[in-house]
Amino acid sequence: MRFFCAAIGALSLFLRPSASRPDDAADRIAALRTTLASRPSDPAALRGLASAYASVGDPRAEEAFRRALAASPEDADLRRAHAEFLWRQHRYE
């Protein structure tokens, strides 16, 4: 039951609109990292972590996007979010 509650909590953080304050992003990142500690290949948590890192311009976003894409390669929205992150970083290759 505890595992289920942690997963639901992390998912709700992922579905919440983008963090407006750095503290919000830090809270989201901490919760998602906790979820990933027990479920390292969870696509929703990986996607949420990548989005949270990207929202604050953290360079760890790229690795998180790569992990999320490995877990869910058919996710077109995730591919778009990764491309947008790279574009915002002025990485056009």
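Here are the numbers for the structure shown:
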quantity: Residue-by-residue Karplus 3J(HN,Hα) for segment 34-51, coefficients 6.51, -1.76, 1.60, Hz, glycine and proline x; calculated: 5, 4, 5, 5, 9, 9, x, 10, 5, x, 5, 5, 5, 5, x, 5, 4, 5
quantity: Protection proxy ranking of 41-51, 70-80, 27-37 - average other beta-carbon atoms within 10 Å, highest first; calculated: 41-51, 27-37, 70-80
quantity: Arg33/His90 FRET efficiency (R0 22 Å; Cβ-Cβ; nearest 0.05); calculated: 0.20
quantity: Residue-count net charge about Ala71 - beta-carbon cut-off 11 Å; Lys, Arg +1, Asp, Glu -1; calculated: +1
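None of the figures in this text is laboratory data; all of them are computed from the coordinates on show. Since we're looking at a predicted model, the values are computed, not measured. Note that we place each Cβ from the backbone using ideal geometry, even for glycine, and neighbour counts take in every protein chain shown.
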